[in-house]
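Single-structure report; data block below.
The values are calculated or read from the model by the stated rules, or taken from the named source; none is laboratory data. Just so it is clear, the structure is predicted and the values come from calculations on it, not from any experiment. Cβ placement follows ideal geometry from the backbone for every residue including glycine, while neighbour counts extend to all protein chains displayed. Only protein heavy atoms, including side chains, enter the accessible area calculation; ligands, DNA and RNA are left aside. Shrake-Rupley method; radii C 1.70, N 1.55, O 1.52, S 1.80 Å.
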Amino acid sequence: MGGRLAAVSIDLDEVPNYFAIHGLAVPERSGAAASLSAVYDTALPRIAAFAASYGIPVTLFAIGRDLARPASAAALRALSDAGHAVENHSYTHRYDLSRLPRPAIAADVLLGAEAIAEAVGRRPTGFRAPGYTVSDALFDALDAVGVAFDSSVFPCPPYYAAKALAMGVQRAKGRGSAAILDTPRVLAAPRRPYRPGRPWYRRGGRRFVELPIQVTPGVRLPVTGTSVALAGPTGARWLARACAGEALVNLELHGMDFLDRGDGLEALAAYQPELRVPLGRRMEALGAFVEETARGGARFVRLDEAAGERGLVE
C-alpha cells in the first residue's frame, strides 16, 4: 500500500514491575493488592476506548506469566478479537533477560509465545525485550525461534542519561532496582527500521526486522508515552511534526500511561512521573499526537503489518 506509516504499541507491564523498578516492596494490604492487576483490569478497557475513538489499531506486548490469571487472558483475547495485535514481551519479564545464556533466553521467549497463543488463539510474531535491553545472545535466540520483528532498541541519549542518573540516585538512597542499564552502544544503533547484524546495533543479515522505539531526528529526543504526556497537547503536536519525515513513527506506550493515581496507585505516584499528571491531560496529549501524525499523512497500522511493508527497512 505504501506511504508513511505510524504505529501505537503498548507494553502491558503489570503494576508489580513498577515497584520492582523503584526498589519498593509490593503492597500486601487487601486494598492496595487489588490494584496490582490494574493494567489488565482498568487500563486495558481505556486502551480499547482510546483506539476506538481514533479509529486506530494498537499492538499490545504481553508478559506471558500474567496470562495465567483468567481475567487478564480474557481481557486480552477481547482486544485481539477486535483486530488489535498481541505480541511477546517475554514470559517472566526479567530485566536481565538479554544477559542470560542463549538457551535460557530462547526458553523464556518460547514460553511467552505459547502463553499468548493459548490466551488469544494467535501465535505472536514480534518481540519486545524487558527494559528495551538487547544483546547478540537475545537476537540469536530471536532468530532461532523465528520472530518476524523485534521492537526493543531505543537509541536515545536523553533517556539513557536519565535512566543512569535515576538508578544512581536510587543506589545512593539504599534502594536497588530490578532494572539494568543497557550498554551505551545502543546509542550507536540506527533510529530507523533496519535488519540487525552482529553486533546487533549494526545493520546486517538477520532474518527479522528491528523497529526501534521512536526518537526525533537530530538530537534523538524520546517519543514515548511518558514524553508525549509530559509535553502536553502543544508539545505532543510538536513531537509529531518533528517525526513527519519518518517512514514509520513507532510510538511506544505502557499500560501505566492509561492509569491514574486514583486507581489505587498512590504508593507509586511519588516515583512515576506520569501519575503526577492528570489522566485526562495525558489522554489529550496522546490524542493530539495521533491526530497530528494522521494529519501529516501517516496511516496507522499494527507493528506486524509495518514489519511486513516493503521498502520500510533501509
Q) Solvent-accessible area per residue for region 1-141 at a 1.4 Å probe radius, Å²? A) 37
Q. Under the Karplus relation 6.51 cos²θ - 1.76 cosθ + 1.60, θ = phi - 60°, what is the ordered set of whole-Hz ³J(HN,Hα) values for region 42-50, x standing for Gly and Pro?
A. 10, 5, 4, x, 5, 4, 4, 5, 4
Q | Exposure rank, largest accessible area first [136, 81, 13; 1.4 Å] | A | 81, 136, 13
Q. Can you work out D for region 170-256 in µm² s⁻¹ from Stokes-Einstein, where Rh is the Kirkwood radius over C-alpha pairs, the temperature is 25 °C and the viscosity is 0.890 mPa s?
A. 163
Q) What is the distance, in nm, between label points placed 7 Å from the Cα along the Cα-to-Cβ direction at residue 164 and at residue 28? A) 3.8
Q) Efficiency by 1/(1 + (r/R0)^6): what FRET value for residue 144 and residue 234, r their Cβ-Cβ distance, R0 = 35 Å, to the nearest 0.05? A) 0.15
Q) Whole-Hz Karplus ³J(HN,Hα) for region 175-185, in order, using 6.51 cos²θ - 1.76 cosθ + 1.60 and θ = phi - 60°, x for Gly and Pro? A) 10, x, 8, 6, 6, 10, 8, 5, 5, x, 4
Q. What are the principal axis extents of the Cα atoms in region 34-189, in Å, biggest first?
A. 43, 36, 29
Q: Using amide H atoms built 1.01 Å from N in the peptide plane, name the residues 5+ places from residue 248, or on other chains, whose amide H lies under 5 Å from its own.
A: 5
Q. For the chain, what % of the accessible area comes from carbon and sulfur atoms, probe 1.4 Å?
A. 55
Q.
Among 152, 83, 256, which residue has its Cα furthest toward the positive end of the charge dipole of the chain, with +1 on Lys/Arg Cβ and -1 on Asp/Glu Cβ?
A. 152
**Q.** Heavy atoms of residue 304 accessible to a 1.4 Å probe, total area in Å² rounded to 10
**A.** 40
Q: Using the Karplus curve 6.51 cos²θ - 1.76 cosθ + 1.60 with θ = phi - 60°, work out ³J(HN,Hα) for each residue of region 6-11 in order, rounded to whole Hz, and write x for Gly and Pro.
A: 9, 9, 10, 10, 9, 7
Q: Would you rank 44, 24 by solvent-accessible area, highest first, keeping every protein chain in place and using a 1.4 Å probe?
A: 24, 44
Q) Tell me, what is the 1.4 Å probe accessible area of residue 173, in Å² to the nearest 10? A) 140
Q | Most to least accessible of 256, 283 (protein chains only, probe 1.4 Å) | A | 283, 256
Q | Other-chain or far-sequence residues with amide H under 5 Å of residue 209's (modelled H) | A | 149, 150
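As a test of the definition: which semi-axes, in Å, follow for region 99-139 when you take the square root of five times each eigenvalue of its alpha carbon gyration tensor? Largest first, please.
21, 11, 7
Sorted by average packing, counted as other Cβ atoms within 10 angstrom per residue and highest first, what order do 237-246, 222-231 take?
Averaged packing, sorted descending, gives the order 222-231, 237-246.
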Q) What translational D, rounded to a whole number of µm²/s, comes out for region 263-314 from Stokes-Einstein when the hydrodynamic radius is the Kirkwood one over Cα pairs, at 20 °C and 1.002 mPa s? A) 153
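If the chain between residue 118 and residue 77 were fully stretched, how many nm would it gain, using 0.36 nm times the residue separation less the Cα-Cα distance?
13.8 nm
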Q.
With n ≥ 4 as the cut-off for DSSP H runs, can you work out [θ] at 222 nm for the chain, using -39500 (n - 2.57) per run divided by the number of residues, rounded to the nearest 500?
A. -12000 deg cm²/dmol
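Please give the contour-minus-distance gain from residue 172 to residue 314: 0.36 nm per residue of separation, less the Cα-Cα distance, rounded to one decimal in nm.
46.9 nm
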Q) Using 1/(1 + (r/R0)^6) with R0 = 41 angstrom and r between the beta carbons of residue 244 and residue 68, what's the FRET efficiency to the nearest 0.05? A) 0.45
Q) So how exposed is residue 93, as accessible area in Å² (1.4 Å probe, rounded to 10)? A) 10
